[in-house]
Amino acid sequence: MVRIGAHVDQDDPLAHAAAREAEVVQFFLGDPQGFKGPVMPESADAIRESDVQVFVHAPYLINVATTNNRIRIPSRKLLEGQLKAAAELGATGLIVHGGHLNKGEDPQKGFDNWGKVFERMDCPIPVLIENTAGGDNAMTRHLDTIARLWDAVTAKAREPEKIGFCLDTCHAHAAGENLEGIVDRVMAITGRIDPGPLQRLA
Ligand SMILES: [Zn+2]
């Protein structure tokens, strides 16, 4: 059975889930546009004990692919902190955008940087890399780069079973990907670790 849910506000995720009869929710832990560490919701205990399945979305600014150290290094730290916090909350996975390089840079550098993340980072719960809508040199805008990214991350990972994918169909459409059969085409690249919920992003 496919579970259906929504992206909800982090102020009271369970109340928002109940209002929508959602079986699964996604929310942020803190400012989605900031570089500060995660903020736990006040209802963390209740969330942990609840039957509602939880996914946490990492801040948008995270870009572990970039060649710019001043963004990549804090991004890795933030990703790790978010992953820990999401695990403490009993989340099923942490969703993070694939990131991008600057125009003209060799995309392989970005795939390699992603590989290094999983070479080093402990993953208490799965990291679900999400496809993005735009960008000239984005890691996960198109299926061909997703396939190259997957080769890089699964080759280096200590725990490859902790790497998953979150398909945002809105982003895929905006990126110009054909949505016909896209779930199967993506899963042929990334495999599957969970009978995934449909998530709708605002
Ligand atoms: Zn997203």
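The values are calculated or read from the model by the stated rules, or taken from the named source; none is laboratory data. Since the structure is predicted, the reported quantities are computational estimates derived from the model, not experimental observations. No Cβ is skipped: glycine too gets one built from the backbone with ideal geometry, and neighbour counts run over all protein chains shown. Each accessible area value is taken on the protein alone, full model and side chains, heavy atoms only, with ligands, DNA and RNA left out. Shrake-Rupley method; radii C 1.70, N 1.55, O 1.52, S 1.80 Å.
In the chain, helices alone account for a calculated mean residue ellipticity at 222 nm of -11500 deg cm²/dmol, with every DSSP H run of four or more residues adding -39,500 (n - 2.57).
To the nearest 10, the accessible area of E180 is 140 Å² with a 1.4 Å probe.
Using the Cβ-Cβ distance between A44 and K77 with R0 set to 25 Å, the FRET efficiency works out to roughly 0.70. Cross-link partners of K103 among lysines, defined as those whose alpha carbon lies under 21 angstrom from its own and excluding same-chain residues fewer than eight positions apart, are absent. A simple spin-label model places pseudo-atoms 7 Å from Cα toward Cβ; at E161 and M187 they are separated by 1.9 nm.
Per-residue Karplus couplings for the range 65-70, computed as 6.51 cos²θ - 1.76 cosθ + 1.60 with θ equal to phi - 60°, are listed in order as 7, 4, 7, 7, 4, 6 Hz, Gly and Pro entered as x.
Projecting the Cα atoms of N113, T145, A85 onto the dipole axis of the chain, where Lys and Arg carry +1 and Asp and Glu carry -1 at the beta carbon, places N113 farthest toward the positive end. Per residue, the convex hull spanned by the Cα atoms of the range 22-100 measures out at 80 cubic angstrom. Per-atom-type breakdown for the range 1-125 gives carbon and sulfur 50% of the accessible area (1.4 Å probe, protein chains only).
Its Cα gyration tensor gives the range 80-120 an equivalent ellipsoid, and the semi-axes of that ellipsoid, as √(5λ) in whole Å with the largest first, are 27, 11, 7. Loop-located trypsin sites (Lys or Arg not before Pro) across the range 44-152 with a Cβ neighbour count of 16 or fewer within 10 Å are K103, with loop assigned by DSSP. Across the chain, the volume of the C-alpha convex hull divided among the residues equals 110 Å³ per residue. With all protein chains kept in place, the per residue accessible area of the chain amounts to 50 square angstrom at a probe of 1.4 angstrom.
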